[in-house]
Amino acid sequence: MLKFNGLVKYFLPKILGIILTAFVVQISTSPVLALTSRIDFPDYEPSPDPELIIGPPGEQFTFERTGKNTNNKFTLAKAMVPPGAGPTAHFHDDYDEWFYFPKGGFTLFMDPDTTYRNLSDIPNKTAPGANIQLIETEENGLYYVPRGHVHGFYNSSETPLPMTFVWAPERITQYFRDTGETVKKFPSDFKSDPSKLEAFVSDAPNYGINQSQYFMQYIQSISTAKQSTLRSSNHIEELKDLLSTPLS
């Protein structure tokens, strides 16, 4: 059974910057991770009946599109993320993800070079560890992370910040329903539920995710991202095509 010590086992602590200074590694130039800064998020038609879900560390998710109204093409959620919160290293086996940061303020990390083909590939166990690159997100930044690539993020500011997520195709909504708390209205403050954190990791493979229990579990090395990585395609045309899907 997994053992936990509050949120620190799962979600990146404020001392992450101190930890990272211990690593000196070669920076990759792979063009998999992508950013376009200072752009408007593509137009889409939100559901008139969104689902509100609180994640275990307190993030407030508003699921404006899910598989039930996109023909399972994609899921879109807006979120408010409290300071320090965000998932540790993980990957999805058969769906891609976009992140949009209206105000920046997050640290995003991923391995742009290694593709883990299926859930039997466990970094640092049955497969090589991930060599992650770090990005300090910019205002109105759009990032694309393809399936099979280890990634994660955390709110590195001192205040709650907004994000928008798109996963394609749809598979992930039930994961948040089962490991979070569905509500009719968000509370005025952020509340965490450490009791749900074990399921957040142990049940993740049921939804196509390998989720690490602590920050370095899947990670072999850490570096900062090169500009050549940041300037690569963010698949925005593909995203626009998905978001043009009418409500069904």
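Every read-out reported here was derived from the displayed coordinates using simple, explicitly stated rules and does not represent laboratory data. Computed from a prediction, not measured in an experiment: that's the story for all the values here. Don't worry about glycine lacking a Cβ; one is built from the backbone with ideal geometry, like all the others, and counts go over all protein chains shown.
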(request) Using +1 at the Cβ of each Lys and Arg and -1 at the Cβ of each Asp and Glu in segment 82-186, identify which of 155, 173, 124 lies farthest towards the dipole's positive end. (result) 173
(request) Calculate the dipole size of segment 16-243 relative to its Cα centre from +1 charges on Lys and Arg beta carbons and -1 charges on Asp and Glu beta carbons; express the result in debye to the nearest 20. (result) 180
(message) Relative contact order of segment 16-243, please, whole-number percent, based on alpha carbon pairs below 8 angstrom and at least 6 residues apart.
(response) 35
(request) With label points built 7 Å along Cα→Cβ from the Cα atoms of residue 233 and residue 94, find their separation and express it in nm. (result) 2.4
(message) At 7 Å along Cα-to-Cβ for each site, give me the label-to-label distance between residue 184 and residue 224 in nm.
(response) 5.0
(message) If R₀ is 41 angstrom, what is the calculated FRET efficiency for the pair residue 113 and residue 49, using the beta carbon separation as r and rounding to 0.05?
(response) 0.50
(request) Whole Å is fine, so just give me how far the alpha carbon centre of segment 71-90 lies from that of segment 142-185. (result) 1
(message) Distance cut-off 21 Å, Cα to Cα: go down the list 73/240; 68/240; 68/103 and report the pairs above it.
(response) 68/103
(message) Using the basic label-point model (7 angstrom from Cα toward the beta carbon), what is the residue 191 to residue 124 distance in nanometres?
(response) 3.3
(message) Explain nothing, just the number: relative contact order of segment 50-174, from Cα pairs under 8 Å at least 6 residues apart, as a whole percent.
(response) 38
(request) Determine the sum of side-chain charges near residue 237: Lys and Arg each +1, Asp and Glu each -1, restricted to other residues whose C-beta is under 14 angstrom from that of residue 237. (result) -3
(request) Report, ordered by chain and residue number, the aspartates and glutamates lying within cross-link reach of residue 196, taken as a straight Cα distance under 18 Å and ignoring same-chain residues fewer than 8 apart. (result) 59, 178, 181
(request) Work out the FRET efficiency for residue 206 and residue 38 from their Cβ-Cβ distance, taking R0 = 41 Å, and round it to the nearest 0.05. (result) 0.60
(request) Would you mind working out the magnitude of the charge dipole of segment 109-227 relative to its Cα centre, with +1 at each Lys and Arg C-beta and -1 at each Asp and Glu C-beta, to the nearest 20 Debye? (result) 320
